[in-house]
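Notes follow the structure.
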Amino acid sequence: MAAPFGKLGFLYVGTTNISRDLEYYVNVLGAEKLWHYREFGAQVAALRLCEGPFYLLADHRKAPSILPLFEVPDVRASAKALKARGWKPEGRSFEIPPGPCYVFKDPSGNELGIFENVRPGVMREFAEDPRDA
């Protein structure tokens, strides 16, 4: 049986002090800082911590928390199929830089998300933007 979601795209991690946490991840753990933005009253930084998904520190997410975002080929079709099996999203779909996204909770309250990557490479392109903090 195939896995229901394509791949783990991002780990979205809450922080109470993004500068302190960035210093820890880069200087202590040896992560590569890809970019760091301050936009719309929030700060988000992307780190390369492993061969897997980007590790996104976000000060607008509650800490401690980790929101895994899974890439699916068609988020609308995935949502429709999941709803037919009793799935309920936490509100309407919304946009993240790569494309449309839904967040939902498992029965224990853990948050997960699915998204469609309609803008491939956009997360890497942020590293080339002069607004990088």
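What follows draws every value from the coordinates through simple rules; no lab data is involved. What you see is a predicted model; the values in this text were computed from it and never measured. When we count neighbours, we look across all protein chains shown, and the Cβ atoms used for this are built from the backbone with ideal geometry, even at glycine.
Phi-derived couplings, Karplus 6.51 cos²θ - 1.76 cosθ + 1.60 at θ = phi - 60°, listed residue by residue for segment 88-94: 10, x, 8, x, 7, 5, 9 Hz, with x used for Gly and Pro.
Axis angle, to the nearest 10 degrees, between helix 75-84 and the longest C-alpha principal axis of the chain: 50 degrees.
Run the dipole for the chain about the Cα centre, Lys and Arg Cβ at +1, Asp and Glu Cβ at -1, nothing else charged, and hand back the magnitude in debye, nearest 20. With only Lys, Arg, Asp and Glu charged at Cβ, the dipole is about 540 debye. The share of alpha-carbon pairs in the chain lying farther apart than 25 Å comes to 27%. Give me the Kirkwood hydrodynamic radius of segment 61-133, using the inverse of the mean 1/r over all pairs of distinct Cα atoms, in Å to one decimal. Computed over Cα pairs of segment 61-133, the Kirkwood hydrodynamic radius comes out at 13.6 Å.
Taking the mean number of other Cβ atoms within 10 Å as a proxy for protection, how do you rank 76-85, 107-116 from highest to lowest?
Details: 76-85: 12.9, 107-116: 15.5.
The packing order, highest mean first, is 107-116, 76-85.
Scalar couplings 3J(HN,Hα) for segment 11-16, obtained by applying the Karplus form with A = 6.51, B = -1.76, C = 1.60 to θ = phi - 60°, are 10, 9, 10, x, 9, 9 Hz; x denotes Gly and Pro.
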